[in-house]
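Remarks on the structure that follows.
The values are calculated or read from the model by the stated rules, or taken from the named source; none is laboratory data. Keep in mind that what you see is a predicted model, and the values were worked out from it rather than measured. Cβ placement follows ideal geometry from the backbone for every residue including glycine, while neighbour counts extend to all protein chains displayed. Remember, those area values only see protein heavy atoms, side chains included, never the ligands or the DNA or RNA. Shrake-Rupley method; radii C 1.70, N 1.55, O 1.52, S 1.80 Å.
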Amino acid sequence: MRGQPNVPGLLILDWDPRYRSYVLEACLALGIEAHLVMREAPAELPAGAVRVHVLPGLYDDPLQWVGELARYVRLHGLAGVFTHEDELVVLSAALSDELGFPGASLPAVRLCMDKAATRDRFAAAGVPGPRYRVAASLDEARQALAELTLPVVLKPVAASGGQGVTRLTDASALPQAWEWAVEPYGYLPAVYHRVIIEEFLEGPLVSVEAAVVDGEVHVVTATDGLQTIEPVGPTQSRFVYDALLVPTRLPAEDYEAMAHWTREAVRALGIRTGIVHTEFKRTPHGVRIVEVNPRLPGVYIPELVHRALGVDLAGAALQLALGRRPDLAQKHRGAACARLLLARESGEVHAVEGADEAAAAPHVVRACLFVEPGDVVAPPHEGDIEVRLGYVLTEHSDPHGALSAADEALARIAVRIAEPGAVREVR
């Protein structure tokens, strides 16, 4: 039942071939046998994986699977547990604690996943952030609004990746924002049926990518997260990522401030092992922390870091999960960008054009489309229908060049969306 002698086996809790192909690529490069846990079996075994364990209810109260997965790990003689999914980081930490494996502890991960508790810990440690209030009911949220200055940002205490986050400019939009923030998380324990309301931070969003090795924080780089504030009504809007760019274009003093506060935040949360993805806003009044995520950064950031700097963040995360010390040294200095094509209208895809032309543009590594004629799409605020239509990924010698090349390539792609009585074009 066990793998090859002297070849470490790693349990990987879910895997997404569209956005996380670099995880199994890192397994192949490092000689790690990947055992995937997925909700359904893939059509064929992905390269880099040796086995798939199917759990259809993986995301339904994930902690219920600690016993079954611990038995699986012991049966196959695996040496570590890893996940890149927010919804599964608590399960990963619980399994690691149960089995005595390396990784962020369950208490530290629970703290990270509760935005209210995180804010309290940051405030006590002097880590600069926005003014905030926590509300467990709509009435408490109304009181919180009265104590803060509009605009504010309302978000669930347990969400990530921008889910359920709304920017409010008027108190009249509060009931709808409350519904968006709370209802999707009804399956979680009651402590998570709360929202945090924060003052809106003006300024660009930047994330610091770092590795924690035996309690020491090694900052690798920072990523510019280009966002659009999408209106979803006259008094409320949501945040949508348009592009990711490595390394950041911010001045060195801002980068150093963010690196410093990343170290202080990680110390305050008690994280001693793993990759951390820490988000900041650079405001007119200085650097302000948004949140700390105890996992690999999302979407394409690990690949961008690898291409721009030669540091394999995914490989580092896997090494840390196995108790190894990763190589975090920069091999070169360049830049990479992922520019996302998003649905701006609801409807059915009528035609898709320009992907080959975009792929042939200067500095483009690849151009990918996720939709085809007949697919139904919608903008981010309209629910779980497909939002990302595709993306282009570029490499360049500097960040400005990488972003400019991505913009030029994306402009060659057109997705025509048919609405009742009209066909609109997304570029």
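Listing for the model above:
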item	result
Overall dimensions of the stretch 278-341 as given by Cα atoms, namely Rg and Dmax in Å	14.1, 42
Charge dipole of the chain about the Cα centre (unit charges at C-beta), most positive-ward option of V50, Q143, G310	G310
HN-Hα J in Hz across the stretch 353-361 - Karplus 6.51, -1.76, 1.60, θ = phi - 60°, x for Gly and Pro	9, x, 5, 5, 5, 5, 5, 8, 5
For R249, solvent-accessible area (1.4 Å; no DNA, RNA or ligand), Å²	100
Lys, Arg +1 and Asp, Glu -1 on Cβ, resulting dipole of the stretch 61-108 about Cα centre, debye, nearest 20	280
Under 18 Å from the Cα of K115 - lysines, other chains or at least 8 residues apart	K155, K281
Relative intensity, log₁₀ I(q)/I(0), of the stretch 208-262 from a Debye sum that treats every alpha carbon as a point, q = 0.14, 0.18, 0.21, 0.27 Å⁻¹	-0.53, -0.72, -0.82, -1.01
Cα shape, the stretch 306-387, gyration tensor, a/c 1.5 rule	oblate
Alpha-carbon gyration tensor eigenvalues x 5, square-rooted, for the chain, Å	31, 28, 23
Cα principal axis extents for the stretch 255-371, largest first, Å	51, 35, 26
Order of exposure, largest accessible area first, which applies to L145, L369 with probe 1.4 Å	L369, L145
Ordering of 219-225, 45-51 by burial proxy (mean other Cβ atoms within 10 Å per residue, highest first)	219-225, 45-51
Value in Å of the Kirkwood radius, where the stretch 1-142 supplies the Cα pairs that are averaged	17.0
Largest-first ordering by accessible area, 1.4 Å probe, given options E40, E291	E40, E291
Lys, Arg +1 and Asp, Glu -1 on Cβ, resulting dipole of the chain about Cα centre, debye, nearest 20	1040
Computed accessible area, H35, all protein chains, 1.4 angstrom probe, square angstrom	10
Mean Cβ count within 10 Å, highest first, over the residues of peptides 106-116, 297-307	297-307, 106-116
Accessible-area order (highest first, 1.4 angstrom probe) of the listed residues D61, D356	D356, D61
With all protein chains modelled, accessible area of W261 [1.4 Å, Å²]	60
